[in-house]
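Report on the structure given below.
Throughout, read-outs are computed from the coordinates displayed, never taken from laboratory work. As the structure is a computational prediction, the values presented were derived from the model and not from experiment. Cβ: placed from backbone, ideal geometry, glycine included. Neighbour counts: every protein chain shown.
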Amino acid sequence: MSEKVYPVSKEWAERAHIDKALYEKMYQASIDDPESFWGEHGKRIDWFTPYTKVKNTLYGKDEVSIRWFEDGTTNAAHNCIDRHLETRGDQVAIIWEGDDPSESQKITYRELHDHVCRWANVLRNRNVEKGDRVTIYLPMIPEAAYAMLACARLGAIHSVVFGGFSPDSLAGRIEGCGSKTVITADEGLRGGRKVPLKANVDAAIARLPEGAVDHVVVVKRTGGDVAMEPGRDVYYNEAAEMVTADCPCEEMNAEDPLFILYTSGSTGSPKGVLHSTGGYLVYAAMTHQYVFDYHEGDIYWCTADVGWVTGHSYILYGPLANGATTLMFEGVPTYPSISRFWDVVDKHQVNIFYTAPTAIRSLMGAGEEPVKKTSRKSLRLLGSVGEPINPEAWEWYYKVVGDERCPIVDTWWQTETGGILITPLPGAIAQKPGSATLPFFGVKPVIVDAEGKELAGACEGNLCIADSWPGQMRTVFGDHERFIQTYFSTYPGKYFTGDGCRRDADGYYWITGRVDDVINVSGHRMGTAEVESALVAHPKVSEAAVVGYPHDIKGQGIYAYVTLMAGEEPSEALRKELVTWVRKEIGPIASPDLIQFAPGLPKTRSGKIMRRILRKIAEDEFGALGDTSTLAEPAVVDDLIENRQNRH
Ligand code: 6R9
């Protein structure tokens, strides 16, 4: 691991909102007296009824309850739009850059208000009310932002499903939260290729019980020919002609839900992570301002998809709550050329750029020239999120993309945390490539050993957070018991993140990756159990075990061990068929990279699959298998090693 240190420059210490002394002072205050600290910072958003209570949180053994600002009322859309109209109605809120470089749009705060009100009225005409769930399955077009904010305006709970998910995955997410309304587009457009979104919605609804979905609102993106079911489906542009651009904001309690976002865990089907209104918005806005050192007039670009939490907090809610100009990009980094990111930076004069290590690593492979031929002079700060960034990629990002001028904020957080928890603040904290560095205000990281004992000083173990912060998820939608089980039962009294972590002698945190059965593929979370159940659903598969292995570009790849039904023979054709099958069942992000056909899987005598062994073999590290004495059939391991798929 690199131990190089990049100190904060004098210029940054002076220009940034927070310098070292202020960070230390504010951090201490936030830990010593969270009540006063957040009582003060909660005021950064508008409240219809101001709160008098700030923090009411319990990490108990059998009970976990998390409430922030619980007697205040507000509305997220009001904070992201209406309150800016007087001072910045004509300022650009969203810059939209299309897949095709000839297409872009600038939407002012006033135009955003009109669009969102119309959207809200269209939804209201379809009986969407406060508390109802609405599933949004859209590409990266401004309508995704309008639809989300329209839900927030009405007090409806949006559940955005990433456009890369299959009809099956979409169906599970529609059913899981019981949404009767689905918003989609005819087709998406990415890298010049069309994505059949409406057809996927139709296929998803066909899998649900009759009448599960009442309304499908369809945005015309490509104008492609799609089936429209009379009475159920409507084109947005037609419905919008019937409504006005005026719709009041619903008054929401701070703890009323804002959105659900499904995410993978180590067991079972994806969980509906539920975030509420007040605390989430305060936290997203505050981290956006301080972590990215956002200043009035900055052009800010986060390359995530709105289908992930990064898109929710750092394309939409955080930046808009701060009255920022946020760029939304429909395309991919390599289309029409591998310089696309930097072309867009130059075209829109982007100052703050936030992306994922997997993108950096894949661009790194094409060398410096496609970057260096662009100017990038407007860039001031770079950010990274989604997975650990290896020091080599960090250095490349710093030197080649940022011309050694821009600090890098390596931001560690999760769908569950709502916002960034561990990160450098660019004017305050010296960076070490590969380390997310130090906690944000109000965040108390602790590292525990396998028994739950808190470790002190420099150490390595499992990362927990000792106390609540306003952006924390409140529950798993419809299953509070699962929330407690998943996050609070492993180490009672603490929120367990599922990540391994090292703390160095300077108190810096280094995330080492998941310690549970979650694989992080190109920054996307996949539960091994989900991929396994997709595989065993194939008629020729008897058993499957899935593990992650190190992958140069994706961070981790998916390695599947498959045993076949009696009478079935392994073949290249079957291998391809299984990959296609998993893509169809879950979506392209779940495609196994390597499949090994195995006559048997290594199991204990009680029938538990020994994943530790499978991981080692997948890593091509079979010399160090450790204790294999509990194996029921030691011979299966020899076969697995013999036929391993990842040879160095
Ligand atoms: C925001 C987001 C969460 C998991 C998390 C961790 C990994 C995210 C990271 C990072 C190291 C970083 N992760 N950021 N690991 N350094 N800067 O990605 O949410 O999709 O829920 O994933 O991603 O393993 O537990 P989500």
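Can you bin region 481-564 into rounded, prolate or oblate? Criterion: square roots of the alpha carbon gyration tensor eigenvalues sorted a ≥ b ≥ c, rounded for a/c under 1.5, prolate for a/b above b/c, oblate for the rest.
Verdict is oblate for region 481-564.
How big, in percent, is the set of alpha carbon pairs in the chain lying more than 36 Å apart?
When every Cα pair of the chain is considered, 38 percent fall beyond 36 Å.
Could you work out the local net charge near Leu421, counting Lys and Arg as +1, Asp and Glu as -1, over the other residues with Cβ closer than 13 Å to its Cβ?
Counting the neighbours of Leu421, the net charge comes to -3.
How much net charge surrounds Gly231 when only the other residues with a Cβ under 13 Å from the Cβ of Gly231 are counted, with Lys and Arg +1 and Asp and Glu -1?
-1
Tally Lys/Arg at +1 and Asp/Glu at -1 over every other residue whose Cβ is under 9 Å from the Cβ of Ile586; what's the total?
-1
Cut-off under 30 Å on the C-alpha distance; same-chain residues fewer than 8 positions from Lys43 excluded. Which lysines are left, in chain and number order?
Lys20, Lys25, Lys53, Lys55, Lys106, Lys130, Lys444, Lys494
How high is the relative contact order of the chain? Use alpha-carbon pairs under 8 Å, at least six apart in sequence, and give a whole percent.
13
Spit out the partnerless Cys residues in the chain, using Cβ distances under 4.7 Å as the pairing rule.
Cys80, Cys151, Cys177, Cys249, Cys302, Cys406, Cys459, Cys464, Cys501
Peptides 60-73, 233-246, 386-399, 109-122: what's the order by average Cβ count within 10 Å, highest mean first? Let's see the in-between values first.
Working: 60-73: 17.8, 233-246: 14.4, 386-399: 20.1, 109-122: 22.7.
By packing density, highest mean first, the sequence is 109-122, 386-399, 60-73, 233-246.
Given the rule -39500 (n - 2.57) for each run of at least 4 DSSP H residues, summed and divided by the residues of the chain, what is its mean residue ellipticity at 222 nm, to the nearest 500 deg cm²/dmol?
-8000 deg cm²/dmol
What's the ranking of 479-492, 516-529, 310-323 by average number of surrounding C-beta atoms within 10 Å, highest first?
Values: 479-492: 17.2, 516-529: 21.6, 310-323: 25.9.
Highest mean packing first, the order is 310-323, 516-529, 479-492.
Leaving out same-chain residues fewer than 8 places away, which aspartates and glutamates sit with a Cα under 18 Å from that of Lys180?
Filter leaves Glu129, Asp132, Asp168, Asp202, Glu210, Asp214, Glu229, Asp233.
Which percentage, to the nearest 5, of the DSSP beta bridges contained in the chain is antiparallel? Walk me through the intermediate numbers first.
Working: 61 of 100 bridges.
For the chain, the DSSP antiparallel bridge percentage is about 60.
For region 522-643, give the share of DSSP beta bridges that are antiparallel, in percent and rounded to the nearest 5; count only bridges with both residues there.
Taking every DSSP beta bridge within region 522-643, about 75 percent pair in antiparallel fashion.
What is the packing order of peptides 156-169, 634-647, taking the mean over residues of other C-beta atoms within 10 Å and listing the highest first?
So the peptides 156-169, 634-647, ranked by packing, come out 156-169, 634-647.
List the aspartates and glutamates whose alpha-carbon lies under 19 Å from that of Lys372, not counting same-chain residues fewer than 8 positions away?
Cα-Cα hits under 19 Å: Asp343, Asp346, Glu392, Glu395, Asp403, Glu404.
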